[in-house]
Amino acid sequence: MSFLIPCPNCGKRSVYEFRFGGEVRPRPEIDAGDATWSEFLYTRKNESGPQKEWWYHRAGCRAWFQAVRHTETNEVLETFWP
């Protein structure tokens, strides 16, 4: 069974064409303290179940998009433009 990701622009492609960008999280204000920025940059929830993530189609249209992926099964439930 292959792991396919449906790019919103190019359609279903192999996961090897993409670069994972991490879970989608709200960005802190520019003047937030060091502790806030450190947590934003280095701490992840890493929960099991559906997770909203960033993906980059590096071997295709070279666009960033978001996907909802089930972290236990790798099933991509939906993809969309941010």
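The values are calculated or read from the model by the stated rules, or taken from the named source; none is laboratory data. Keep in mind it's a predicted model, so treat the numbers as computed, not measured. FYI the Cβ positions are ideal-geometry reconstructions off the backbone, even for glycines, and counts take in every protein chain you see.
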| task | For residues that are modelled with pLDDT of 95 or more and of a type in the set (D, E, K, R), scanning just the stretch 35-59, find the one that is farthest from Thr79 (Cα to Cα). | result | Arg58
| message | Against the condition modelled with pLDDT of 95 or more, of a type outside the set (Ser, Thr, Tyr) and not in a loop (DSSP other than H, G, I, E, B), how does Ala67 come out, does it pass? | response | yes
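Starting from residues that are of a type in the set (S, T, N, Q) and in a strand (DSSP E or B), keep the ones in the stretch 1-54 and report whichever is surrounded by the most Cβ atoms within 10 Å (Cβ to Cβ). Before you say what the answer is, go through the steps one by one.
From the stretch 1-54, those of a type in the set (S, T, N, Q) are 2, 9, 14, 36, 38, 43, 46, 48, 51; that's our starting set.
Okay, now just the ones that are also in a strand (DSSP E or B), so 14, 51.
Details: Ser14: 11, Gln51: 18.
Here the answer is Gln51.
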| Hits in the stretch 42-63 (condition: of a type in the set (Ser, Thr, Tyr) and within 11 Å of the chain's Cα centre (by Cα)) | Tyr56
| Inter-residue pairs, beta-carbon under 8 Å, first touching a residue at least 12 places away in the same chain (Cβ under 8 Å) and over 16 Å from Trp81 (Cα atoms) and in the stretch 49-61, second of a type in the set (Lys, Arg) and buried (at least 16 other Cβ atoms within 10 Å of the Cβ), 6+ apart | Pro50/Arg69; Ala59/Arg13
